[in-house]
Amino acid sequence: MESSDVLTLISQIEQRQTMDLDLLSKFIKSVATRNIDINYVEQWLKAVHSNGISVNETTILTKGMMESGSIIAWEDNSLVVDKHSTGGVGDKMSLMLAPALAACGLKVPMLAGRGLGHTGGTIDKLESINGFNCSLNPQQMQDQVAAIGCCIAAQNAAIAPADGLLYAVRDVTNTIDSIPLITASIISKKAAEGLGSLVLDVKCGQGAFMQSFGDAEALAKSMVGAAQGLGIKTIAQITQMDYPIGRYVGNSLEILGSIEVLNGQGSRDTRELVVLQGAALLVLSGTASDEFAGQVMMNNVLDNGKALAKFKQMCLAQGVSQSDVELLVRQPTKLLGKSKQVTSVHSPSQGYVSAITSMTLAEIARNHGAGRFAMEDTIIPEIGFEIIVERGQAINQGETWIKFHHNVDLTAQEQQSLADCITISSKPNKPKPRLIEIIR
Ligand code: URA
């Protein structure tokens, strides 16, 4: 691409004029083929980051990024669905959602990521299961979905390769936190799955990337606009992310929590979010007549073992041995590794649990190996938290409210931060529902 063309695009963004859309498409092609001077990519990203771009331009950018790599083609994509979450603490929904929706007859070719910042990644969680292979190419994804209804695979260079370069340059130019750039990055990869319907879980609160409602809403609207612009039936659920989700935070511990829910037990909080997302996709895909009918379908497959059976099929198809799969679903703690130490933390007073600071928990877990600071860091699967209490629950002074699974001693500062994570109120308080708003 001629340098004068890139400079034209940059000047249009800076003057808040509509970008020449043909030039924009050319720019993305040059990024995908690495046929462009990186300095121009940096300048273009900085211009978008500082000035923003319109929904229409974001959609063209997203489409170009999607078309830079393989796109899974389905004869009929009306039942092909997926969800994306912007990342929360204890957010393990994908592990249950993909098999549960497959058990309801939908097709879920799920691409997922590794841990980002303080939040865990679905791929890291699955890789804590001995033998689980997340390296599937688009053809292998399609074949597995045709055979059993779902797969969960790691994002790879075949899918939206323009995003790979743009993300790396955003990282070093401090341009990650731009709504149009986040939108195009996320939606281009989801759209490459050839989806008919998509649900976005946009987390909002102190444990989320988007801490204010206004930011979460702006991101939700942008992503819904771009995905709908590409012909995908899409809604966003803005959900509360102050209190950690469910009973477990950490890679192998979240597998354990997911198996509990797939066994028809487990945390009510976790199950409610899975049912909420699943029901929305059943409605969008035309499989359920309304939300209530979708919720009934989701609850049925979680209670009657069909979602668990799909999860077992998915593990087998992705490399886990038959004997390990049986052990995993019957006695998960025997297959998943154990930490060297488990530290119990006690309630400082008597009352009702009114808050737990999920960001602090996530940071302590990350310091001990549950997450990464650099992409090359190795995850320690067994590190994490087991949260004993639920929001609003009555608690006695000295009662254990959380257990930390770790391998090296906690520092004095970490012990203090952990002790400060819980807020106990003297009056009973009713927990707020997770769902704050739906963007259609
Ligand atoms: N996840 C992505 O894949 N891209 C972003 O820009 C942010 C989160």
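The values are calculated or read from the model by the stated rules, or taken from the named source; none is laboratory data. All figures in this text were calculated on a predicted structure; none of them were measured in a lab. With ligands, DNA and RNA removed, areas are computed over all heavy atoms of the protein, side chains included. Shrake-Rupley method; radii C 1.70, N 1.55, O 1.52, S 1.80 Å.
Observations
- Exceedance of the 27 Å cut-off in Cα-Cα distance is limited, within the set 189/403; 83/310; 107/189, to 189/403.
- Note on the chain: GNM, Cα springs under 10 Å; of 429, 299, 407, the largest mean-square fluctuation is that of 429.
- Cross-link partners of residue 63 among aspartates and glutamates (Cα-Cα below 19 Å; sequence separation of 8 or more within a chain): 20, 22, 82, 163, 193
- For the pair the stretch 128-187 and the stretch 352-386, the centres of their Cα atoms are 23 angstrom apart.
- If you sort the three axes of the alpha carbon gyration tensor as a ≥ b ≥ c, you get a/c of 1.5 or more for the stretch 1-70 and a/b no higher than b/c, which makes it oblate.
- Rounded Å value of the spacing that divides the Cα centres of the stretch 202-225 and the stretch 228-305: 19 Å
- Subset of 203/312; 338/430; 203/306; 306/338; 203/233 violating a 31 Å alpha-carbon distance limit: 338/430
- In terms of its alpha-carbon gyration tensor, the chain comes out prolate; a/c meets the 1.5 threshold, and the first ratio a/b outweighs b/c.
- The aspartates and glutamates whose alpha-carbon is closer than 13 Å to the alpha-carbon of residue 221, local same-chain residues fewer than 8 away aside, are 201, 437.
- Cα gyration tensor shape for the stretch 81-329, rounded if a/c is under 1.5, else prolate or oblate: rounded
- Surface composition of the chain: carbon and sulfur make up 49 percent of the accessible area, probe 1.4 Å.
- The mean accessible area for residues of the chain, using a 1.4 Å probe and ignoring ligands and nucleic acids, is 40 Å² per residue.
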